[in-house]
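Report on one structure; see the data block that follows.
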Amino acid sequence: MKKLDRLILRSFLGPLLLTFSISVFVLLMQFVWKYIDDMVGKGLEFGIIAELLLYASATFVPMALPIAILFASIMTMGNFGEKYELVAMKAGGVSISRVMLPMAIVAVLLTGTAFYFSNNVMPEAMLRYRMTLYDVTRKKPAVNIRPGEYYKDIDGYVIRVGSKSQDGRTLQDVIIFDHTKGISETNVIVARCGIMQTTMDNRYLLFSLIDGYSYSEPTIGEYYNKRPLTTVKFSNQTISFDISSFAYNRSTEDLFEGSYQVMNVNQLNAAKHHLDSNLFRRYDDCRRDMVCNLRLWQKLCENKQLAMTDTAVDVRQKVEQMTPIRRDKVYNRAKFIAMSAVSDGKNYGEILQADQEYINRHEIEKQRKFTLSVACLLLFLIGAPFGSIVRKGGLGMPLVASVGFFVLYYVVGMIAEKAVRESALGPEGMWVSSLVMLPIGVFLTLQATTDSSLFDVATWRRFFIRFFGRERK
């Protein structure tokens, strides 16, 4: 049996590693296309981009691992069935459950590995990923002043050059619009030519202008009437621009440490307990504010003719005894207070709902660490029996079936996650997708162990022929 186990493991581990690599690559390409504009044209070093892609790939592992196990199990058992190796194993007295045992052990080990990765490795990878992505998206594109275009990426300045030499430094017909003083003054610098260069530390961009004019026109202030327009001619002038924001600066971990996505299970439990306590205090504060606002009814009623302790019958009798003018005044005040109470209640409700949704996100993240790990075992219980029933190997049927089963699992999981986030379901709602896939896996396993012809086309053809033939008789 050791040789048979080695054969099964070799047949299973190869597609598993291949599918896992392909899944991570596909998810990574989706990430690249989403942030391609933030990474291109900024002069980033290859090491920074490679670091970002590495951290992003690590965050995709819990999602890619169940897909790989599902695809590999279907492909392995399908290949055994298509090449009649499964028939030979059965003829030798080896049952389907015994054939799936080595792969099941691997699936169980990967389930534990997936949970360890999600709980210990992924929070740190997510922290580094978010820090690097934030730094990359915050970095401005590299300074690239094109001839004939208005360059506006330097804060407070608009630059236009007529032409640019091949060395990339010598400029002709330079116009610089200085907006650093806001609307109080308009400054324009025009030069015949100039030389562009940066300092050694790349913090400043220097323009050495030759043969030009500087125009200054105040729009408001004390010099508006005294010096409406000032013109200065120069032969040489150097202007410096602060381009320190164009450099790649790394942010600190304190900016993202409080996020629920970078916490493990123990940290999520502690954060949720703290947020629950704050929510209860917020609820008491809102209730106290609502009571104080409603007591304005008693203060706004003149001469205290109406009181908060009055019943509806008492209020109606007192209002009917009032004069029409007095009654209209009371009605208007009551309407105003009622509208204020409804508005305050709506605002407080939205605040409490937002706080509760933030707490639910912590619970969702905690449950996801378990559900994605258990999904490795559940999808194996679906993939291996399904492959032994259909007896189709290769890439066609396993790929289509894997996509179908995983889309079902993912869609049900997203619907349940939204319901948990909106408090329509409790935290146990994150297990809905697992509960949906479990009966499917048990059914397919029972069908595989009893040599069912559930997906045999010839069997279904014979069934319909017998059925419709009986109908004709």
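The values are calculated or read from the model by the stated rules, or taken from the named source; none is laboratory data. Please read all numbers here as calculations on a predicted model, not as lab measurements. Don't worry about glycine lacking a Cβ; one is built from the backbone with ideal geometry, like all the others, and counts go over all protein chains shown. Side chains are part of the model used for accessible areas, which takes the heavy atoms of the whole protein and leaves out ligands, DNA and RNA. Shrake-Rupley method; radii C 1.70, N 1.55, O 1.52, S 1.80 Å.
For the stretch 256-264, the criterion of being more than 20 Å from the chain's Cα centre (by Cα) and modelled with pLDDT of 70 or more is met by none of the residues.
Filtering the stretch 178-192 to residues that are under 43 Å from the mean Cα position of the chain (by Cα) and open to solvent by 60 Å² or more (accessible area, probe 1.4 Å) leaves H179, T180, K181, I183. Just so you know, in the stretch 27-58 the residues that are of a type in the set (D, E, K, R) and open to solvent by 60 Å² or more (accessible area, probe 1.4 Å) include one that is farthest from I243 (Cα to Cα), and it is K34. Flag: L109 does not match the condition of being open to solvent by less than 40 Å² (accessible area, probe 1.4 Å) and not β-branched (V, I, T). Screening the candidates L381, L377 for the property of being open to solvent by 50 Å² or more (accessible area, probe 1.4 Å), over 27 Å from L279 (Cα atoms), assigned to a helix (DSSP H, G or I) and touching a Leu at 6+ places or on another chain (Cβ under 8 Å) yields one hit, L381. Consider the stretch 423-459 and keep the residues that are modelled with pLDDT under 85 and of a type in the set (D, E). The one that is farthest from A401 (Cα to Cα) is D451. Count of the stretch 193-229 residues, restricted to those that are modelled with pLDDT under 75, among the β-branched types (V, I, T) and open to solvent by less than 90 Å² (accessible area, probe 1.4 Å), is 1. Which of the residues that make up the stretch 402-413 are under 14 Å from T19 (Cα atoms) and open to solvent by less than 40 Å² (accessible area, probe 1.4 Å)? Matches in the stretch 402-413: S402, F406.
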